[in-house]
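I have placed the structure first, in the form of structure tokens, so that the comments after it can refer back to it.
The values are calculated or read from the model by the stated rules, or taken from the named source; none is laboratory data. On a predicted model such as this, the values are computed, not experimentally measured, just so you know. Because the Cβ atoms are built from the backbone with ideal geometry, glycine has one as well, and the counts that use them run over all protein chains shown. SASA here: full protein model, heavy atoms, side chains in, ligands and nucleic acids out. Shrake-Rupley method; radii C 1.70, N 1.55, O 1.52, S 1.80 Å.
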Amino acid sequence: MNSPVGMASQTDQVASIYATPELNDVLSQSLYVLIEQQLFFKGLNSHHLQLLTDSALEMKFEPGQAIFAEGSPANRFYLILEGEVVLESEKEDRNVIPIQTLGPGDALGWSWLFPPYSLHFSARAVKPTRAIFFYGTRLREHCDQDHELGYQLMKRIAEVTTQSLHATQQRLMQYIDENIPKNLGTPSAPEPAL
């Protein structure tokens, strides 16, 4: 049966329901509570949590789906709620080297806070992953205006950066052990004089 001219389709009606200010308020409040519950943001005041909420949305990634690529602009970061993500680096010969595996509670993508605002690794979902996406560019602006927020986020991101550096160092040592001959770089004993 055809609907009368001027009558909205069921899809349009559903879309209009989701676009109501009331629903947006409910979704925003739900996201606020979700952010507030994360250990990464523990200790932030309600004003800072609201700024984070205003710059966030929830996202899902399927296994194998790229989240971001090495070298792209760093204008976002994620807090993983569920699932597993691998940070990877590409060698010149296009081999992909896994650097670190991240899971629930881990922050992903710290480069949004530091010039030149370029991503140093690629990230890919290994398992179905749910995360909170944050607009890094918008948060940087908030940090410039609210130095306490900037300090609080800098402390947290510095910890993530340190963990990432440690994971990279461990992966580098593993790569060397697996790919570099043991006697390379070891000083050899002098030959006896005759």
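Scanning the range 107-125 for residues that are open to solvent by less than 60 Å² (accessible area, probe 1.4 Å) and in a loop (DSSP other than H, G, I, E, B) turns up 109, 110, 119, 121.
When the residues of the range 126-152 are narrowed to those that are outside any helix (DSSP H, G or I) and open to solvent by less than 30 Å² (accessible area, probe 1.4 Å), which ends up farthest from residue 35 (Cα to Cα)? The qualifying residue farthest from residue 35 (Cα to Cα) is 129. Applying the condition of being modelled with pLDDT under 90 and not in a strand (DSSP E or B) to the range 86-106 and asking which residue is farthest from the chain's Cα centre (by Cα) yields 93. Within the range 48-106, restricting attention to residues that are touching a residue at least 24 places away in the same chain (Cβ under 8 Å), loosely packed, with under 15 Cβ neighbours inside 10 Å and small (Gly, Ala, Ser), the residue that is nearest to residue 164 (Cα to Cα) is 105. Filtering 131, 66, 125, 167 for residues that are under 19 Å from residue 52 (Cβ atoms) and touching a strand residue (DSSP E or B) at 6+ places or on another chain (Cβ under 8 Å) leaves a single hit, 131. Pairs are defined by a Cβ separation below 9 Å, a sequence spacing of at least 6 or placement on different chains, a first member in the range 143-165 that is at pLDDT 90 or above, and a second member that is among the charged types (D, E, K, R) and surrounded by 15 or more Cβ atoms within 10 Å (Cβ to Cβ); the pairs so defined are 150/140.
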